[in-house]
Amino acid sequence: MPELPEVQTVVNYIKPHVIGKRLQRIKPLWSKTLHNFSNKDIKSEEPHNHIVNVDRRAKFIILKFKNYILAIHLRMTGKLYFSNKQNFSKHVTAVLEFKNKESLIFEDVRKFGRIYFYKNLNIINSRHGPEPLAKNFSADMLIEMIKGRKRNIKSLLLDQSFISGLGNIYVDESLWKSRIHSNSISNAIPSKNIQLLYQSIQTILTDAIDSQGTTIINFSVNGESGRYANKLYVYGNEKKPCNRCNNKIKKIKVAGRGTYLCTKCQRIYK
DNA sequence: AGGCGTTCCTGGGGGC
DNA sequence: TGCCCCCAGGAACGCC
């Protein structure tokens, strides 16, 4: 599941390939993939269809054009890669075609991924919380945010309107690193532990971006997983010993999600 | 406010 | 070996 580090990895990867390229058309191979627009909307923007920048906001890949943006969400199994091949796998749901037969391929086995057409980032910003790696996002902010809610901490951290970019993997890793049980109630967690959570999120996300993420995010290089897969402390490690206390990692269900944690050294605050 | 169920999808795992 | 059943999971939405 692509989360912030995987999405950032995709952005870093495609950016040099697509900046300055002129989009000719978008071919939908799965009708729902183009969520709120069609190729007509792209045509009507002519001749201003050059990609001027590629960026990330929350878990969206943002293709910036002169007068609009395309926001691409990979959801569960979406993959985005640059290609000049003409034969696609059966899971390709959309093709963004440039000149010279070059294309951005959106491949998505489960078909949950979507592409959105907006004038700017306003709508996305209004629905999403702060970026955890933004320079102006501080530990004090996170403390205030978490203390101000009375909610299951895992559910809160997964909520994109609360904080952007975290998903199941990095929430489990961050809570393990800061020794907070996933079933803790947000306003009962002491400030010093939230401070530790803040540092854990920073460290983990930064390290995961450096490692090009955990899951497979494109097929164009080698189809291998990101190197962070080898650095996970709890996620996917059921029954393996906890790196801190040697207790067996458990898999439980929290907020409807499969959740990995150490019930011995992650304390529950209620 | 917050928790929970439902929906969208398909590959893959478990059971037999 | 093969078939059927069931389910994970991000986000939006409706309900209580």
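The values are calculated or read from the model by the stated rules, or taken from the named source; none is laboratory data. A quick note: this is a predicted structure, and the numbers were derived from the prediction, not measured. Note: ideal-geometry Cβ built from the backbone for every residue, glycine included; neighbour counts use all protein chains shown.
Go through (1) within 16 Å of DNA strand B (Cβ to nearest atom); (2) out of contact with any Ser or Thr (no Cβ under 9 Å at 6 or more places or on another chain) one by one and return the number of the condition residue A:42 breaks.
(1)
Name the strands (runs of 3 or more DSSP E) wholly within the stretch A:1-96 that hold at least 2 residues that are without any contact (Cβ under 8 Å) to a residue 60 or more places away in the chain?
Ranges flagged: A:53-57, A:60-64, A:69-73.
Condition first: near DNA strand B (Cβ under 9 Å from one of its atoms) and within 23 Å of residue A:253 (Cβ to Cβ). Now tell me which residues in the stretch A:131-152 satisfy that.
Passing the criteria: A:149, A:150, A:151, A:152.
Against the condition surrounded by fewer than 23 Cβ atoms within 10 Å (Cβ to Cβ) and more than 10 Å from DNA strand C (Cβ to nearest atom), how does residue A:180 come out, does it pass?
So residue A:180 does not fit the description; no.
Specify the residue that is modelled with the lowest pLDDT; the eligible residues are those in the stretch A:74-91 that are within 16 Å of DNA strand B (Cβ to nearest atom) and surrounded by fewer than 19 Cβ atoms within 10 Å (Cβ to Cβ).
A:88
Restricting to the stretch A:110-128, give me the number of residues that are free of Cβ contacts under 8 Å to residues at least 60 places away in the same chain and within 12 Å of DNA strand C (Cβ to nearest atom).
Number of matching residues: 5.
Mind checking which residues of the stretch A:58-91 are under 16 Å from residue A:8 (Cβ atoms) and of a type in the set (Gly, Ala, Ser)?
A:58, A:71, A:78
It is to be established whether one or more residues within the stretch A:164-171 are assigned to a loop (DSSP other than H, G, I, E, B), within 14 Å of DNA strand B (Cβ to nearest atom) and not hydroxyl-bearing (Ser, Thr, Tyr).
The answer is no, given that none of the residues of the stretch A:164-171 is assigned to a loop (DSSP other than H, G, I, E, B), within 14 Å of DNA strand B (Cβ to nearest atom) and not hydroxyl-bearing (Ser, Thr, Tyr).
In the stretch A:37-52, which residue that is among the polar types (S, T, N, Q) and touching a Lys or Arg at 6+ places or on another chain (Cβ under 9 Å) is surrounded by the most Cβ atoms within 10 Å (Cβ to Cβ)?
Only one residue tops the list, namely A:49.
Please work out which residue is farthest from DNA strand C (Cβ to nearest atom), limiting yourself to the stretch A:55-109 and to residues that are closer than 30 Å to residue A:125 by Cβ and of a type in the set (S, T, N, Q).
Going through the qualifying residues, I end up with A:103.
Tally up the residues in the stretch A:172-200 that are in a helix (DSSP H, G or I) and among the hydrophobic types (A, V, I, L, M, F, W, C), please.
6
Could you grab me the full set of residues in the stretch A:97-123 that are under 20 Å from the mean Cα position of the chain (by Cα) and either in a strand (DSSP E or B) or within 17 Å of residue A:14 (Cα to Cα) (or both)?
Within the stretch A:97-123, A:104, A:105, A:106, A:107, A:108, A:114, A:115, A:116, A:117, A:118 meet the criteria.
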